[in-house]
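Worksheet for the structure shown next.
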Amino acid sequence: MTETSAENSATSTARPAVALLGTGIMGTGMARNIAAAGLPLTVWNRTRERAEPLADVATVAGSPADAVRGADVVVVMLMDADAVLDVLAQAEPGLRDGVVVVQTSTIGPDGTRRVADWAGQRGVQLLDAPVLGTKGPAEQGKLVVLASGPAAAREAARPVLEAVGARAVEQDEVGSGSALKLACNNLVATLVESVAESLVLARALGVDPHLVLEAVRGGAMDSPYVQLKGTAMLEDALDDAAFPLAGAAKDTRLIVEAARAAGVELAVAEAVQRRFAAAVEAGQGSADLAATFRAPR
Ligand code: NAP
C-alpha cells in the first residue's frame, strides 16, 4: 500500500476530459472541485434538477451516454451497486476506447467484483476508488480516496484524484479499496451508534446528556466526530444530512455481509445494522445518520 497526498505528489499537467455520473450530496462537491482544477467536465444525474446547479462549471448532459462521450475519465458516484451497473450500461454506447472508470460509490468488494466483471468484458479500465469523508470534505476537495487498481489506471485518474482528495491511499488490486472502505465505515457507524446510546443511557439514568460530551471533551476517547454528531443529536439538528441514514444503513448491510462471507462475526456491527434499519423504518432515512438517536428504543 502506498499513500500520496495532493501536496507531495507530482501534479499532473494532463487535463483529461471528465464525466461525472451522479450529482447527489457527494457527487456535487466532487464535481465542483474537478471543474475548479481546470478539467473539462460533463455531469449527469437521474434527477436532472440536481445536476442543473452545476451548469455554471460543467455541461449538464441528458443521458449517461451523452455525458461520457469523449471523456477520458468517467467518475461514478451513485447510491449502490445496482445503480452503478444500471447507469454504466446506459453509458456504454458513449464510452471511448481507453476510458478509465473511477468508481467512487460505496458498493463493497462484492459490488466491485460485479463492476469489475462488467468492465473486464468490455475492455474498460476500472479504478475502484471509494472515498472517506462526508459532504464538507467533498465540497472542500479534502476527501481521502481509497484507490485500488493497476498503476496505469491510477496515473490516468491522478488529476481527478488530486482534485477531489486531500490524499489517496493506494493499493494495486481492484476491490481492496472497497474492502478498506467497509472497514473504515464500520468505525463510523459503530461510533455514531455508540454516541447515540451513551446519550440515551445518560438521559435514562437521569443525567443531563450534555454532560457526557463535556466530560469526555479533550480526553483520549474524545474525537471531533464524537462532539459533532453528539451535539447534532442533542440539538436535534439532524435533517440537513451530511451522510443520509439510508446510505449508512446500506453500508452496515454491506459490512455485515462482507464479514459473514469472510467467515468472521461482527457482533457490534450486526447490532448497529438492526438499529439503523429500525431508524430507516421509523422514517429517518433521509435524515443524517446521527438520526439513529431518534429511533425508538
Ligand atoms: P445521495 O445524495 O442520496 O446521492 C445518491 C445518488 O445516486 C444520486 O445522484 C441519485 O440520483 C443516484 N441514484 C440512486 N439510485 C439510482 C438509480 N437506481 N439509478 C440512477 N441513479 C441513482 O447520496 P450520497 O451521500 O451522495 O452518496 C452517494 C454514494 O457515496 C453512496 O454509495 C454513499 O454510500 C457514498 N458515500 C457517502 C458519503 C456521505 O457522507 N454522504 C461519504 C462517502 C461515501 P437521484 O438524485 O436521481 O436520486
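Could you tell me whether any residue of the range 175-192 is over 18 Å from the mean Cα position of the chain (by Cα) and either part of a loop (DSSP other than H, G, I, E, B) or among the acidic types (Asp, Glu) (or both)?
no
Considering each of Ala156, Ala138 in turn, give the residue that is assigned to a helix (DSSP H, G or I), surrounded by 20 or more Cβ atoms within 10 Å (Cβ to Cβ), more than 15 Å from the ligand (Cβ to nearest atom) and aliphatic (A, V, I, L, M).
The conditions single out Ala156.
Among the residues of the range 220-240, write down those that are of a type outside the set (A, V, I, L, M) and either within 16 Å of the ligand (Cβ to nearest atom) or under 21 Å from Ser105 (Cα atoms) (or both).
Answer for the range 220-240, where residues must be of a type outside the set (A, V, I, L, M) and either within 16 Å of the ligand (Cβ to nearest atom) or under 21 Å from Ser105 (Cα atoms) (or both): Pro224, Tyr225, Lys229, Asp239, Asp240.
Check whether at least one residue in the range 268-291 is within 16 Å of the ligand (Cβ to nearest atom), of a type in the set (D, E, K, R) and modelled with pLDDT of 95 or more, and report yes or no.
Yes, because at least one residue in the range 268-291 is within 16 Å of the ligand (Cβ to nearest atom), of a type in the set (D, E, K, R) and modelled with pLDDT of 95 or more.
Hey, Val124 hits all of (1) within 16 Å of the ligand (Cβ to nearest atom); (2) within 17 Å of Ala17 (Cα to Cα) but one; which does it fall short on?
Val124 satisfies all of (1) within 16 Å of the ligand (Cβ to nearest atom); (2) within 17 Å of Ala17 (Cα to Cα) except (1).
With respect to Glu193, is the statement that it is surrounded by fewer than 18 Cβ atoms within 10 Å (Cβ to Cβ) and either assigned by TED's automatic domain parsing to the domain that holds Glu257 or touching a helix residue (DSSP H, G or I) at 6+ places or on another chain (Cβ under 9 Å) (or both) true?
no
Would you mention how many residues in the range 70-92 are within 10 Å of the ligand (Cβ to nearest atom) and either within 21 Å of Lys250 (Cβ to Cβ) or not assigned by TED's automatic domain parsing to the domain that holds Leu39 (or both)?
Looking only at that region, the number is 12.
Of all residues in the range 241-265, count the ones that are more than 12 Å from the ligand (Cβ to nearest atom) and either assigned to a helix (DSSP H, G or I) or under 22 Å from the mean Cα position of the chain (by Cα) (or both).
6
I'm trying to understand the selection: among the residues of the range 102-135, which are assigned to a loop (DSSP other than H, G, I, E, B), at pLDDT 95 or above and within 20 Å of Val188 (Cβ to Cβ)?
Of everything in the range 102-135, those that are assigned to a loop (DSSP other than H, G, I, E, B), at pLDDT 95 or above and within 20 Å of Val188 (Cβ to Cβ) turn out to be Thr104, Ser105, Thr106, Ile107, Ala129, Pro130, Gly133.
Please state which one of Leu95, Leu41 is out of contact with any His (no Cβ under 6 Å at 6 or more places or on another chain), in the same structural domain as Leu132 (by TED's automatic domain parsing) and under 15 Å from Ala157 (Cα atoms).
On the way: Leu95 fails: under 15 Å from Ala157 (Cα atoms).
That would be Leu41, the only listed residue that is out of contact with any His (no Cβ under 6 Å at 6 or more places or on another chain), in the same structural domain as Leu132 (by TED's automatic domain parsing) and under 15 Å from Ala157 (Cα atoms).
Looking at the range 102-113, can you tell me whether even one residue there is touching a Leu at 6+ places or on another chain (Cβ under 7 Å), away from the ligand (no atom under 16 Å from the Cβ) and not β-branched (Val, Ile, Thr)?
no
Go through the range 169-178 and give me each residue that's under 19 Å from Val115 (Cβ atoms) and within 15 Å of the ligand (Cβ to nearest atom).
Matches in the range 169-178: Gly177, Ser178.
Assess whether Leu238 counts as being in a helix (DSSP H, G or I) and either among the aliphatic types (A, V, I, L, M) or crowded, with 21+ Cβ neighbours inside 10 Å (or both).
no
So the check is Cβ under 6 Å with 6+ separation or different chains; which pairs have a first residue in the range 15-36 that's more than 14 Å from Ala61 (Cβ to Cβ) and a second one that's buried (at least 19 other Cβ atoms within 10 Å of the Cβ) and charged (D, E, K, R)?
Pairs that qualify, where the first residue is more than 14 Å from Ala61 (Cβ to Cβ) and the partner is buried (at least 19 other Cβ atoms within 10 Å of the Cβ) and charged (D, E, K, R), are Pro16/Asp72.
The values are calculated or read from the model by the stated rules, or taken from the named source; none is laboratory data. The structure presented is a predicted model; accordingly, all values stated were derived computationally and were not measured. Here the Cβ is made from the backbone with ideal geometry for all residues, glycine too, and neighbour counts use every protein chain on show.
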